[in-house]
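Worksheet: the structure to be examined is printed underneath.
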Amino acid sequence: MERGQLVLRGGEIVTPAMVMLLAMIGRSRLAVARRPTVAILSTGDELRPPETPPPLEYGFIRDSNGPGLDALVREAGGQTLHREVVPDRAEALLGAVRKLLDADVSILTGGISVGPHDHVRSVLGEAGAEIVFWRIRQRPGKPMAFALLEGRPVFCLPGNPVSAAVCFWQYVKPALRQLMGCKPEPPDLAWARATDAIAKAPGLHHFVRGVATFGEDGGVRVATTGAQTSNLVSSITRANCLIHLEEPRADVSAGEIVPIEWMRGPG
C-alpha cells in the first residue's frame, strides 16, 4: 500500500479480510460503534417454550419467533439483552413493556392486529409511547406497527413467523445497522425470470419467498418456494431471495421478469 492511502472509511463493516489488512499495517486496535441491545417480547397465551416436549396440549404452539428473532438480531450485528414470552393480558404486557427502556431497540411480536386479545397498541399508548404508524400495504406483514418509547424505537411485528422475519429484514435490520453507524445501503436487487405464475393481490407490495438459480445462459431464474402462507416457516428456510411485486403490479405469468432481493447466494 502507498503512504496516505485510505484503508477504511467510517461506517464500513470490519470484515475478516479487513482485520488482516489492518494487522498488516500495524493497527491492532480500532474505535468501533457499540452493538445495539435489543429486547424481544413474544406475546400470546398459546405460546410455550421451544424445549417443551411433545405432545403439546391442544391449542398451544412453541414460540419460534423469540429464538428466530434472537438469531436475526445477532446476524444483523446487534445483541439480545433479554427475551420473554408474555401472555395476552394487558397488565402482564404493560409490566413487560416498562422494562423495554433497558434496551436500545425493542421488538414485539403478535398482539398488533384488531382482535379482542390484541393489546399491544393500547398498552404502548398507556406506557407513553408514540405510535408512529400502524399497518403497511404489504404481504406478508400488513399489521406491523412502529412506535417510539422515550425516543427508543419499538418494532411491533405480526405474530406469524414468516411475517415477523420479512418485517425484520425490511425494517429492523436497516435500523440496527444505522444505529451501528453503518452506511445506508440499498437492497441487493437483481432481475430474474419467473418460472412460476404468481398470484398478486391488488394494492399490496408482495414479498414472495423464492429460490433463484443461474441458467446455462447466465440469466437468473426464480421459482417460488411453494405455498406462501405467513405461518409456513419452511417457505423461508428454503428461500434464498425475496421476489418483490410492487403495489401496482398485477398477477405474474411464468416467463415474466421480476425484481428479486438476494438473501443469500444462489441455489
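The numbers here are math on the coordinates, done by the rules we state, and not lab data. In this text the structure is predicted, and so the values were computed from the model without any measurement. Neighbour counts run over all protein chains shown; Cβ positions are idealised from the backbone, glycine included.
All other residues whose Cβ lies under 14 angstrom from that of A212 are scored, Lys and Arg at +1 and Asp and Glu at -1, for a net of +2. Here the Gaussian network model covers the chain, with springs between Cα atoms less than 10 Å apart; of N231, N65, N160, N231 fluctuates the most. With a Cα cut-off of under 25 Å and a minimum spacing of 8 residues unless on different chains, the lysine pairs in the chain number 4. By the helix-only formula, in which each DSSP H run with n ≥ 4 contributes -39500 (n - 2.57) and the sum is divided by residues, the chain has a 222 nm mean residue ellipticity of -5500 deg cm²/dmol. Note on M24, M18, M144: ascending count of other Cβ atoms within 10 Å places them as M24, M18, M144, the fewest first. Across A250, A194, A103, mean-square fluctuation computed from a Gaussian network of the chain (C-alpha pairs under 10 Å connected) peaks at A250. Near the amide H of C241, within less than 5 Å, lie the amide hydrogens of G210, A212, M263, all on another chain or at least 5 residues away, with H placed in the peptide plane. What separates the Cα centres of region 39-98 and region 215-267 is a distance of 29 Å. Multiplying the residue separation of I25 and E51 by 0.36 nm and subtracting their alpha-carbon distance yields 4.6 nm. For the chain, the relative contact order comes to 16 percent (Cα pairs under 8 Å, sequence separation of at least 6).
Contact order, relative form, for region 68-151: 21 percent (alpha carbon pairs under 8 Å, 6 or more residues apart, mean separation divided by residue count).
Amide H to amide H distances under 5 Å link A201 with no residue, where only residues 5 or more positions off or on other chains count and H is placed in the peptide plane.
Taking a Cβ cut-off of under 13 Å around E75, the surrounding Lys, Arg, Asp and Glu residues balance to a net charge of +4, with basic ones at +1 and acidic ones at -1.
Note on the chain: antiparallel DSSP beta bridges, both residues inside, total approximately 55 percent of the bridges counted.
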